[in-house]
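J.: Before anything else, here's the structure in question.
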Amino acid sequence: MAHMTLRREWFASYCLLRTPVRLADGNIVHSAGVGTVVFMPRLSGPEIEFSQVLHVPALSCNLFSVLHLVRFKGFVVRAEGETILFSLAGENLFTASITERNTAFLDGTTRISASSAFQATLPLDLSLWHRHKMHHHISGLQRFVQ
């Protein structure tokens, strides 16, 4: 898995997956799941789906593997000054801004999953959500939260 996030609400698709992840300090934490995250770049262009993103709640920040994109996905990456440009097949898809601390943040937003509205620490009560969502049919709610 190349990319990791602590943000469960970013996943457009999600499957439970518990796997160990070794952090830079040598500690081992575990993932909770894996799925697809949809990124909307600031550059005008299509949304980008990052697949097989690990959900690791114990992380303190998101991790994005530039080398994975270059080695396995065919991306060309160019860094100049305070900007990193990500291109695929000659098309500039998205950028990242480099900070004074030599870290970078993707320029754009991540789509928040509609199903994240159903997340709670309590067990899911479909009858409550049925009433809350103006009596939407139960089978539709079940598909929505999966």
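J.: Just to verify a result, which residue in the stretch 58-67, among those that are under 15 Å from the mean Cα position of the chain (by Cα) and closer than 19 Å to Asp107 by Cα, is surrounded by the fewest Cβ atoms within 10 Å (Cβ to Cβ)?
T.: It comes out as Cys61.
J.: Can you find even one residue in the stretch 82-102 that is surrounded by 15 or more Cβ atoms within 10 Å (Cβ to Cβ), over 16 Å from Leu43 (Cβ atoms) and touching a helix residue (DSSP H, G or I) at 6+ places or on another chain (Cβ under 7 Å)?
T.: Scanning the stretch 82-102 turns up no residue that is surrounded by 15 or more Cβ atoms within 10 Å (Cβ to Cβ), over 16 Å from Leu43 (Cβ atoms) and touching a helix residue (DSSP H, G or I) at 6+ places or on another chain (Cβ under 7 Å).
J.: Collect the residues in the stretch 14-59 that are without any contact (Cβ under 8 Å) to a residue 24 or more places away in the chain, of a type in the set (Gly, Ala, Ser) and touching a strand residue (DSSP E or B) at 6+ places or on another chain (Cβ under 7 Å), keeping them in residue-number order.
T.: Ser51 - this is the single residue of the stretch 14-59 that is without any contact (Cβ under 8 Å) to a residue 24 or more places away in the chain, of a type in the set (Gly, Ala, Ser) and touching a strand residue (DSSP E or B) at 6+ places or on another chain (Cβ under 7 Å).
J.: Hey, could you check the stretch 26-49 for residues that are among the hydroxyl-bearing types (Ser, Thr, Tyr) and within 16 Å of the chain's Cα centre (by Cα) and say which is farthest from Ser87 (Cα to Cα)?
T.: Ser31
J.: Name the residue that is farthest from Arg8 (Cα to Cα), counting only residues in the stretch 48-95 that are in a loop (DSSP other than H, G, I, E, B) and not small (Gly, Ala, Ser). Even if it seems obvious, please write down each step before you answer.
T.: As a first pass, look at the stretch 48-95 and keep what is in a loop (DSSP other than H, G, I, E, B): 56-62, 64-65, 74-75, 81-82, 89-90.
Then drop every residue that is not not small (Gly, Ala, Ser), which leaves 56-57, 59, 61-62, 64, 75, 82.
Values: Val56: 9, Pro57: 8, Leu59: 12, Cys61: 13, Asn62: 11, Phe64: 16, Phe75: 26, Glu82: 29 Å.
Result: Glu82.
J.: Further, regarding this structure: Check off (1) under 14 Å from the mean Cα position of the chain (by Cα); (2) at negative phi for Gln52 and give me the number that stays unchecked.
T.: Result: Gln52 passes all but (2).
Read-outs: derived from the displayed coordinates by stated rules, not from any lab. Keep in mind that what you see is a predicted model, and the values were worked out from it rather than measured. All Cβ positions, glycine included, derive from the backbone under ideal geometry; neighbour counts span all protein chains shown.
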